[in-house]
Amino acid sequence: MVSRSRGAHVLVWEQPGLEDQRPKAYRGGLGTRHWVTFMLFLGMANAYIMRTNMSVAIVAMVNHTALPVDKEAIDTECGNVDSNATSVAASQDGSFVWSSTLQGYILSSFFYGYVITQIPFGILSKRFGARLFLGVGMLINSVFGLLVPVAAEAGYEWLILVRFIQGLGEGPIVPCSHAMLAKWIPPNERSRMGAAVYAGAQFGTVISMPLSGLLSAYGFAGGWPSIFYVFGIIGTVWCLAFLFLVSEDPEVCPRIKEAEKKYILSSLWGAAGSSSPPIPWCKILMSMPFWAIMLAHMGQNYGYETLMTELPTFMRQVLHFSIKDNGFVSALPYLCMWLFSMFISVVADWMLSSGRFNHTQVRKIINSIGEYGPAIGLLIAANTGCNPAATVAVLAIGVGLNGGIYSGFKVNHLDISPRFAGILMAFTNCLANLTGLLAPIVAGYIIEGRPTQAQWRIVFYIAAGVYIFCATFYNLFGSGRRQEWDNPAEDEALAKKAAAKKAEKNQRKAVKNPNEAETAQ
């Protein structure tokens, strides 16, 4: 029941009246697609390690006692501050005298490079393939990570440049991972496979935070440089393994079993590779399901950045409790999110395989847990009062429930357009990261000089409101069905139309200037 035309594999059960003709599930156990998923998981973990290790290392790099310090505004509603509990040992200071503003520029330089390469790499990966861009990009990220200690000694300008280049190299990780998932993973396995890959972000953070702290205190080469040497070498090894052991798609993979290849290709409607037709930009921009994913992604990043960046500041300024003092507590929310994302992804795929729910219903139900859950958590955190334990619990539960987004809007690009999923993710991830940068700016403006519980309540209410609005928009306009502008059945007609238009243009040019036409012939 699978029609083939120049490499296009048509998912027949997505066509009206053919829902009962699905191919039987592949029973061959672990296969090549699981290996690809595992490698993408490690790549995502490596990417987030490279992204977050500087925030840990910079604490050991900076000589805090040599900086002119302005007394931080502290709220006293929950009692006075214990000076002994908030003191920092001068013996742990580094050698760099960088102001808080300069530290902010250093930390943000990575993300500027990361954001601006999202869309270009999404487009290029569609035309030339995702594997090479992902592997080489992350190789650049890892190699330049090894240069961080040298750049820091040379001057902060060089360090900013190196971190910016690292960000450029990491740009392909999300759109290219999405593009490869579209080529390798059948629709009914995308929830758990996609969640497994993107959960690498939380896994990488859980590994990076405590291990970076240990390397900073006990590592070689003076402590903090060992962070970049260790993770840089690990990242380089992964990149080489990925480039040599992972193929672009099942059709060109020399190690995949024929039965698994047939199972994957028969499950996909239209090849997701570079042979696809031109990108239908206008139709994409007029597609409400695309905008539903866009809004959900933007709301997620704004709320997530508020949840993870501002709650620790709230606990320090209002509750006088520093979450940074305990490595386990710092990593706990990410651990909860990782574990919950794995659990809910299995639930999502069970809902699909049971036949009781379609893709649209599953994506909306799971995404509602992933975005309404943190919103409720923020509303509760705004009213916990002087209770650090309750705030930490809300942080862990709220971020944990946030893991639902990986089986919600995060894999929804693959549902509505497998062939253009990488490009769609590039657009939504770019704008979502820009939106996420607004969270600390808005919070900083609201609490500047007056960190009272009332002001913090405004910060949390705004973030919760953004979560609720964007999740509701997604529930109203989202879809799990493949869109008509990604229809492989129309490829041949579109190709003939484009060829006829080109021939007509050449004919008009030949009539207008016959001498040049004869010369060209």
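If you go through region 196-222 and pick out every residue that is crowded, with 18+ Cβ neighbours inside 10 Å and either of a type in the set (A, V, I, L, M) or out of contact with any Phe, Trp or Tyr (no Cβ under 6 Å at 6 or more places or on another chain) (or both), you end up with 13. Consider region 249-268 and keep the residues that are surrounded by fewer than 20 Cβ atoms within 10 Å (Cβ to Cβ) and acidic (Asp, Glu). The one that is nearest to Gly135 (Cα to Cα) is Glu251. Can Asn188 be described as in contact (Cβ under 8 Å) with a residue 12 or more places away in the chain, buried (at least 24 other Cβ atoms within 10 Å of the Cβ) and not small (Gly, Ala, Ser)? So Asn188 does not fit the description; no. Across region 168-185, the qualifying residues are those that are among the aliphatic types (A, V, I, L, M) and in a helix (DSSP H, G or I), and the one among them that is most open to solvent (accessible area, probe 1.4 Å) is Leu168.
The single residue among Ile123, Ile119, Ile165 that is free of Cβ contacts under 8 Å to residues at least 60 places away in the same chain, in a helix (DSSP H, G or I) and surrounded by fewer than 22 Cβ atoms within 10 Å (Cβ to Cβ) turns out to be Ile165. Of these, Gly408, Gly398, which one is within 30 Å of Arg127 (Cα to Cα) and in contact with a helix residue (DSSP H, G or I) (Cβ under 7 Å, 6 or more places away or on another chain)? The conditions single out Gly408. Does Leu437 satisfy the condition of being of a type in the set (A, V, I, L, M, F, W, C) and at pLDDT below 80? In short, yes. When the helices (runs of 4 or more DSSP H) confined to region 345-420 are screened for residues that are open to solvent by 30 Å² or more (accessible area, probe 1.4 Å), those reaching at least 1 such residues are found at 359-381, 388-401. Just one of the listed residues (Ala443, Ala463) is in contact (Cβ under 8 Å) with a residue 24 or more places away in the chain, crowded, with 24+ Cβ neighbours inside 10 Å and out of contact with any Lys or Arg (no Cβ under 8 Å at 6 or more places or on another chain), and it is Ala463. Of all positions in region 219-236, at least one carries a residue that is out of contact with any strand residue (DSSP E or B) (no Cβ under 8 Å at 6 or more places or on another chain), at negative phi and modelled with pLDDT under 80.
The values are calculated or read from the model by the stated rules, or taken from the named source; none is laboratory data. Quick caveat: nothing in here was measured; it's all calculated off a predicted structure. So basically every Cβ, Gly included, is an ideal-geometry build from the backbone, and we count neighbours across all protein chains shown. With ligands, DNA and RNA removed, areas are computed over all heavy atoms of the protein, side chains included. Shrake-Rupley method; radii C 1.70, N 1.55, O 1.52, S 1.80 Å.
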